[in-house]
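Report on the following structure.
No lab work stands behind these numbers, since they all come straight from the coordinates. Because the structure is predicted, anything quoted here is derived from the model rather than measured. Neighbour counts run over all protein chains shown; Cβ positions are idealised from the backbone, glycine included.
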Amino acid sequence: MNSDLWNQIFGFANYGELLVLVKNSIIAGALLGVVGGLIGPFVMTRDLAFAVHGISELSFAGASAALLFGANVIVGSIGGSMLAALLIGVLGARARERNSIIAVLMPFGLGLGILLLALYTGRSANKFGLLTGQIVSVDNPQLLVLVVISVVVIAGLVVVWRPLSFASVDADVARAKGLPVTAISIAFMILLGLATAVSIQIVGALLVLSLLVTPAAAAMRVTASPLLTPLLSVAFAVTSVVGGILLALGGGLPISPYVTTISFIIYIVCRVIGARRGAGGISGRVVPASPEAIAR
Amino acid sequence: MTTPPVLSLRGATLAFGDRQLWHNLNLEVRPGEFLAVLGPNGTGKTSLLKTILGQQKLTSGTIEFLGEPVTRGSRRIGYIPQQKLLEQGTPLRARDLVAFGVNGHRWGLPISSRAERRQVDEVLASVGASEYANMPVATLSGGEQQRVRVGQSIAGGPSLLLCDEPLISLDLHHQRQVSELIDAKRKALNTAVVFVTHDVNPILGMVDRVLYLAGGRFRIGTPDEVLRSEVLSYMYDTPVEVIRSRGRIVVLGSPEGYGVHDHLEHHVEGAER
């Protein structure tokens, strides 16, 4: 009984053959790891973790609609998340307004998605997969779409990186310097919407945060360097997704518990490291602070 | 021949609905001049800064920066906001905040050239922040953060420095240090300073002119001309007494107690580390 359960969670029979089948999924997963890892630190500094959740529920509704009407699920997913991202971006400039808008949108999106899925009479694995993720072998055209969107998000982030960082941590000063802070913020919401839509294809709508937030949150526990943070965050996210897919392969269970568990463990480890090292982070004061040094 | 003004307002009026903050304000700020903007809350001190930054439209009149109508922000303007502590865990070191002042407007990845890095190092040294250059900004004390902000604001060699209550929530010791730093920088760079504050005392020795806003009225002049009992009594429309004692100015009887040093709670350096 116990070993049945174990084999269901971790099975490695015929592993080599399975691996070939999910090659596309692994490529897609690694790419999503890069996207999630890069965008995550901005999600954290812009305080948008809750927004990611809200966007993913509307994205789920869009994907469900696509499933019901026989359209492309990724396209439906993108439609839903774009709508949510723009609504949140335009209406919710201030954190408090934003949170209430998200709280209103999120249950609506989820409810709509459930309705659409209830009406859908096709394969039930498709339904469940949208919420909790799947390793259904990603076919080549699907992989192409994922790759294209991921590349768009990564390229977009690279272009706006510096002003986006400036506007994210220091909006008032950035605006005073003449940066188009509002436009940057809308552009970021579009990129976030795209990133959310593609992440849903692998980890599912409910668990997108484990890809877009947890790795960045873990990285920020151990470094304050603006260069090291995204690099670590990417490494953590890729490890979580690819590791999750590899572990999930033999068991026939959804992929997301594996991904979320790995990313959670990484977070715990980083927290412990960060706490042991103290608040100073990797790089501390050059000279221990003395009253004289401060008075200088 | 006089140098052209950095900032000039002509017949500038700002009103929200039928509440007029200031009317027919004429003001020219010259390079290197230190202007303090004083007055109680709600008299349009911060709105004046927003107007200069192009975020607030005048009801009537004109405002020009370097001879051109103001735009939405400018790279020639340095800005020091109220000290607000950054969220713990923000991936930003003191040197990164200063670097934004040098190249934060440029697109692309945040990779600085060697020259830019040297410039950031020089700025950090000039504001006495080298020792915590690599520390996360969020872990610095209030006084340290404001030093870094002064560095950021002057890093681009601005023509105008806007300060919005930059000393608030600092203790007296750090108020003096940060204001002296701002004063030294404006002299070294010939930068005009518009300094909004509710308490003139920490900057009294540096101020060239005062713009005093109160009760829908304004008065411009040297501190000695403006900070007098008759002038303020007229502006507040109630008897007000200005007392000078040991180099400090205390205003008694004003509706909002302007000038009485009202943050006595001392921000203990290093306590939050």
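Here are a few things to note about the model shown:
- Environment charge at A:Ala218 (Cβ cut-off 15 Å; Lys +1, Arg +1, Asp -1, Glu -1): +4
- Within 10 Å of the Cβ of each residue in B:48-61, the mean number of Cβ atoms contributed by other protein chains is 1.
- Adding -39500 (n - 2.57) for every DSSP H run of four residues or longer, then dividing by how many residues chain A holds, sets the calculated 222 nm ellipticity at -25500 deg cm²/dmol.
- Kyte-Doolittle mean at least 1.0, axial Cα span of 15 Å or more - DSSP H helices of chain A: A:23-45, A:49-68, A:73-91, A:95-119, A:140-169, A:181-203, A:228-248
- Take every pair of alpha-carbon atoms less than 8 Å apart whose residues are at least six positions apart; their mean separation over the length of the stretch A:72-201 yields a relative contact order of 45 percent.
- Set of lysines near A:Lys127 by C-alpha distance (under 29 Å), chain-local residues within fewer than 8 positions excluded: A:Lys23
- Counting neighbouring Cβ atoms within 10 Å and putting the fewest first, the residues B:Leu167, A:Leu164, A:Leu5 line up as A:Leu5, A:Leu164, B:Leu167.
- FRET efficiency, B:Arg244 to B:Arg72 (Cβ-Cβ, R0 41 Å, nearest 0.05): 0.50
- When +1 charges are put on Lys and Arg Cβ atoms and -1 charges on Asp and Glu Cβ atoms, the dipole computed for the stretch A:1-126 relative to its Cα centre reaches about 300 debye.
- Order of B:Trp22, B:Trp107 - criterion: other Cβ atoms within 10 Å of each residue's Cβ, fewest first: B:Trp107, B:Trp22
- Considering only B:Ser112, B:Ser130, B:Ser179, the Gaussian network model of chain B with Cα springs below 10 Å gives its largest mean-square fluctuation to B:Ser112.
- Between the residues B:Leu86, B:Gly73, B:Pro5, the greatest Cα displacement towards the positive end of the dipole of the stretch B:1-99, with unit charges on the Cβ of Lys, Arg, Asp and Glu, is found for B:Leu86.
- Considering only A:Ile273, A:Ile184, A:Ile39, the mean-square fluctuation computed in a Gaussian network model of chain A, springs between alpha carbons under 10 angstrom, is largest for A:Ile273.
- Charge dipole (debye, nearest 20) of chain A; +1 at Cβ of Lys and Arg, -1 at Cβ of Asp and Glu: 700
- Value at 222 nm in deg cm²/dmol, rounded to 500, when DSSP H runs of n ≥ 4 in chain B each add -39,500 (n - 2.57): -8000 deg cm²/dmol
- Taking chain A as a Gaussian network of alpha-carbon nodes connected by springs under 10 Å, the highest mean-square fluctuation of the residues A:Ala30, A:Ala187, A:Ala224 belongs to A:Ala224.
- For the segment B:131-141, counting C-beta atoms of other chains within 10 Å of every residue's C-beta and taking the mean gives 6.
- With R₀ set to 22 Å, the beta-carbon distance separating A:Asn99 from B:Lys50 gives a calculated FRET efficiency near 0.30.
- Which of A:Tyr267, A:Tyr258 has the fewest Cβ neighbours within 10 Å, and the rest in rising order: A:Tyr267, A:Tyr258
- Simple point charges give the picture: +1 on the Cβ of Lys and Arg, -1 on the Cβ of Asp and Glu, and for the protein assembly as shown a dipole about the Cα centre of about 740 debye.
- Given charges at Cβ of Lys, Arg, Asp, Glu: chain A dipole, positive-most of A:Leu83, A:Gly29, A:Ala49: A:Ala49
- Straight-distance crosslink candidates among lysines, where the alpha carbon sits under 24 Å from A:Lys177 and sequence neighbours closer than 8 are dropped: B:Lys45, B:Lys50, B:Lys57, B:Lys84, B:Lys185, B:Lys187
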